[in-house]
1. Does the range 219-251 hold any residues that are within 22 Å of the chain's Cα centre (by Cα) and more than 20 Å from G270 (Cβ to Cβ), and which are they?
2. L235: over 23 Å from E120 (Cβ atoms), surrounded by 14 or more Cβ atoms within 10 Å (Cβ to Cβ) and touching a Gly at 6+ places or on another chain (Cβ under 6 Å), yes or no?
3. Applying the selection to the range 231-241, what residues are free of Cβ contacts under 8 Å to residues at least 40 places away in the same chain and either more than 17 Å from H278 (Cα to Cα) or touching a Phe, Trp or Tyr at 6+ places or on another chain (Cβ under 7 Å) (or both)?
4. It is to be established whether one or more residues within the range 118-130 are at pLDDT 90 or above, under 11 Å from the mean Cα position of the chain (by Cα) and in a helix (DSSP H, G or I).
5. Check whether at least one residue in the range 194-205 is at pLDDT below 90 and either under 17 Å from S264 (Cα atoms) or over 21 Å from the mean Cα position of the chain (by Cα) (or both), and report yes or no.
6. Residue by residue through the range 263-300, note down the ones that are farther than 19 Å from P106 by Cβ and among the aliphatic types (A, V, I, L, M).
7. Considering only residues of the range 255-302 that are part of a loop (DSSP other than H, G, I, E, B) and open to solvent by 10 Å² or more (accessible area, probe 1.4 Å), which is nearest to T244 (Cα to Cα)?
8. Looking at (1) over 30 Å from P97 (Cβ atoms); (2) free of Cβ contacts under 8 Å to residues at least 40 places away in the same chain, which one does I256 not meet, given that it meets all the others?
Amino acid sequence: PRRRAQAAPLPACVVLTGRAPRWALGGFAQDGAKAELTQEGLTAARQEIRGRGGDKPGTKVRWSEVILPQRTKEELLAIQQQIVGVEASRRLGIKPPSGAILFGPPGTGKTTIARALATEAQVQFKDITAADLRNRFEGGSEAAVRRLFEEARESAPSIVFIDEIDYIGRRRGGGGNDGVLNQLLAEIDGVGTDARAVFVLGATNRLEDLDQALIRPGRLGIHLEIPLPPEDNRLQILILKASTLRLAEGIDFERIATATDGASGADLAGLCDAAGRHALIRRGERVEAADFAVALSDWQARQLDR
């Protein structure tokens, strides 16, 4: 029978050629041709990759893209300063905060705000929905929480953002989440003692449902309400969201902003999308005031049905 060719043994060192990234190597040749790949180089490469490209596409958001009441934005800028000033706080003997809770009605942009904080603070962004941390296998949820924070520490400085945190952070005693909540509390406590900066952000629509041990000072002790936008902010959001549409003249966004009392940012974005879809259905070349009138009427009808 034909003998199988044996694979050549792996060399003691690996040589990369061509366009290998120079930061991935322990000793890259000056002309970029080849270099020995060392363990130190691999470690540096992993850190560089996480530092530059660890964020998922679409997570970069600037404050200019976030429409909020001035006082709310000022409070967020204060949190940003605390995130970027961790070392300065420690030098002054001030214990930096471990995290914060963003709370408010659905659709007010809590996830977008978390991304803007990470972008403007120039730190990594690790986001997850609390429901994703639940695992039907015993102990799986706790392991998922540990992995999340391990990744955050490895790529620090970073923000860990847990959306719908009430799903795992409800008051203990009968909810079935005690194990994963206890693990989350332990990880947050570990953040406070770690020399590397990890800031934990939770988002919820129901602050009152959260366990007091989670939201006490020293853990997620900063509580920032993200309200529904007032009229002037609604006008700004409408103009921003409609800026991607090919608009006809004569659209009265001020009237629409007045007529959408109680709308969230997500509602207003959806209204602009609906106007665009109506223009598409009627095969119009531009989105006209009549298209926005239909979208507004539909939104108002849905509010009556709630």
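1. Residues satisfying the conditions are R219, L220, G221, I222, H223, L224, E225.
2. no
3. E231, D232, R234, L235, L238, I239
4. The answer is yes, given that some residue of the range 118-130 is at pLDDT 90 or above, under 11 Å from the mean Cα position of the chain (by Cα) and in a helix (DSSP H, G or I).
5. There is at least one residue in the range 194-205 that is at pLDDT below 90 and either under 17 Å from S264 (Cα atoms) or over 21 Å from the mean Cα position of the chain (by Cα) (or both).
6. A275, A279, L280, I281, V287, A289, A290, A293, V294, A295, L296
7. Among them, the one singled out is R286.
8. Here I256 meets the rest and fails (2).
The values are calculated or read from the model by the stated rules, or taken from the named source; none is laboratory data. Remember, it's a predicted structure, so these values are computed and weren't measured experimentally. Ideal geometry is used to build each Cβ from the backbone, glycine not excepted, and the neighbour counts take in all protein chains shown. Quick note on the areas: whole protein, heavy atoms, side chains included, nothing else; ligands and nucleic acids left out. Shrake-Rupley method; radii C 1.70, N 1.55, O 1.52, S 1.80 Å.
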